[in-house]
Amino acid sequence: MAIVSALHEELAAVLDLMPDEQQQRVGGRTYWRGHLYGQEVVAVLSGIGKVAAATTATALIERFGVQRIVFTGVAGGLAPGVRVGDVVVAQQFLQHDMDASPIFPRHEVPGYGRSTFEADAGLTAQLARACEQVLREMPVQLGVDVLQSFAMDTPRCHQGLLVSGDRFVSTTVESRALCDELPRALAVEMEGAAFAQVCHDYGVPLAVVRTISDRADDAAHVDFPRFLREVASRYSSAILETLLRTQ
Ligand code: ADE
């Protein structure tokens, strides 16, 4: 299994738990092979954006022969009920900045006849179960101070459409435009749909979980580093542990 993180903090937490990891450099990235909770894994930092994501996914499949990929990271919430501290488990992916119109319909990926790619249903169901379990315990573990400082209430797990593009969405005008254009979109990030396209090409199962770090609005940058450290990386370690221990 490949464990892909978008953030240094998340990868560091994973590597701390791998007793026997060995590193290998491919295409300018470091891949860590070893065991995590008894399972053979390859861990890597994806880099940011769709091109970095696509080359990482390709190397994982071609060079390391991974048979499934689990991606953890953060995203900006788009749909009204998707709040900071919630998690989104992707069922479908779409590139919100794909536009070859008028030759192809808006968002359609040329050559594929489609605009959305699917997450693997089985792996995604396992990941969603792990998230539900972790979210039940997380508020107590984080403590009142952290919860209050990020205005987090009872974190929820959402499943549905995740949209990706090569842009950090940080204005209310842009996030409203995305919601109007793609009303089913739950959250926005910068890599998921690229992973999904490569995994579709190779027939490799993919599951993606994103912790909501911001609302993709004018306040999207506020306290981002502290959220990654205090909330997101703790979520992802706990989710991966629960997922791998229940395999
Ligand atoms: N990842 C986390 N927040 C994001 C945002 N607002 N836009 C794009 N990617 C993100």
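The values are calculated or read from the model by the stated rules, or taken from the named source; none is laboratory data. What you see is a predicted model; the values in this text were computed from it and never measured. Counting neighbours? That spans all protein chains shown, and the Cβs are built from the backbone with ideal geometry, glycine included. All accessible areas refer to the heavy atoms of the entire protein, side chains included, with ligands and DNA or RNA removed. Shrake-Rupley method; radii C 1.70, N 1.55, O 1.52, S 1.80 Å.
Key figures
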item	result
Computed helical MRE - 222 nm, the chain, DSSP H runs ≥ 4 contributing -39500 (n - 2.57), nearest 500	-11000 deg cm²/dmol
Segment 30-182 - percent relative contact order, Cα under 8 Å, separation 6 or more	27
Amide H partners (placed H, <5 Å) of Val208, local residues excluded	Phe71, Ala90
Cα centroid of segment 76-118 to Cα centroid of segment 145-191, whole Å	12
5 angstrom amide H check on Leu161, placed H, neighbours 5+ away	Gln91, Gln92, Leu186
Accessible-area composition of the chain, carbon plus sulfur, in percent [1.4 Å probe]	50
Accessible area per residue, Å², the chain with all protein chains present, probe 1.4 Å	44
Accessible area, probe 1.4 Å, largest first, for residues Arg129, Arg29	Arg129, Arg29
DSSP beta bridge pairing in the chain, given as percent antiparallel to the nearest 5	40
Axial C-alpha extent at least 27 Å, average Kyte-Doolittle at least 0.0 - helices from the chain (DSSP)	121-142
Dipole axis of segment 72-245 (+1 Lys, Arg; -1 Asp, Glu on Cβ), positive-most option in Gly77, Ser236, Pro139	Pro139
Gyration tensor (alpha-carbon) shape descriptor, the chain, a/c threshold 1.5	oblate
